[in-house]
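Have a look at the structure below before the remarks.
Each value in this text was obtained by applying a stated rule to the coordinates, not by laboratory testing. Model, not experiment: these values are computed from the prediction. In this analysis, Cβ positions are derived from the backbone assuming ideal geometry, glycine residues included, and neighbour counts consider all displayed protein chains.
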Amino acid sequence: MPATPPILDAHHHVWDVTARRQPWLDSDSALAPLRRSFLLPELAPQAAAVGVTATVVVQTVSEPAETTELLSLAAAGDLVAAVVGWTDLTAPAVADALGELAAMPGGRRLAGIRHPLLTEPDPGWLERADVQRGLSALAAAGLAFDLVLRPSQLPAAVRAAASLPDVRFVLDHLGNVPVCPRPDPDWAAAFIALASLPNTACKLSGIFSVPAPATDLASHRDNDSSIAHLRPYLDLALDSFGPDRLMFGSDWPVCTLGASYAAVVTAAIALTSTLSDPERTAILAGTARAVYRIRG
């Protein structure tokens, strides 16, 4: 296997349940192991052990105070290179709110905003005039917008990204597609349509802790059968987005429901081992630096 370049983990979370509730953790009994605090001192040694030198921390709740705390976390050390936070994009003064975040300690590491479309009751939320005004304010501030959504919401994301070419959209977790031996054709069609827009990028995340099925119909050109079932998803993502718009993310600590942090990173390294050095470097670090405008 070729030497692995320094890795930038483009997607992880932290939370302190003694300081703030995480209501989404109560939505499914399968999330019970996550109902405790996960803080940066727990992640940092695990990241160092597998060659992760920088990260992007991402919001979990729709509360402005969390973004302030994440920015302070970024300001306090070198591991967190960028923050994808939350602010109310529908607020008339959203531009002012973004300016206030940028002026806070760690504000220069604010790289994007995310809204939990997964739980948004309005299926047309992205296409609302007030939301699109807020998304335009992100573009004016030089920030990206992370898309966390259900596969059924991908077509709406395609329409939004097409109507707002100045906004950089980042699709989290390949659109939360269920990993099956063969990718779902409806998801694949919408995924390809999103990728056809030049203002979009995608996180190769949320899949590395999914175990291989007992009967794996995926390509077996990987020596490691534990990642062969992921190959169709990487191949489609590469064909659609290309390495310069594709980035690795661990989704820690959510990934720990299926695999350790080390196992997730190791799987990403193995899955990209057949690519050229420039392609691997882009996926494992370069794309995130470019899309989130990470300096240093």
Against the condition within 26 Å of A137 (Cβ to Cβ) and out of contact with any Ser or Thr (no Cβ under 6 Å at 6 or more places or on another chain), how does G107 come out, does it pass? yes
For segment 149-164, state whether one or more residues are closer than 15 Å to M247 by Cβ and among the aliphatic types (A, V, I, L, M). no
In segment 159-205, what count of residues is obtained for those that are part of a loop (DSSP other than H, G, I, E, B) and either among the basic types (K, R) or touching a residue at least 60 places away in the same chain (Cβ under 8 Å) (or both)? 2
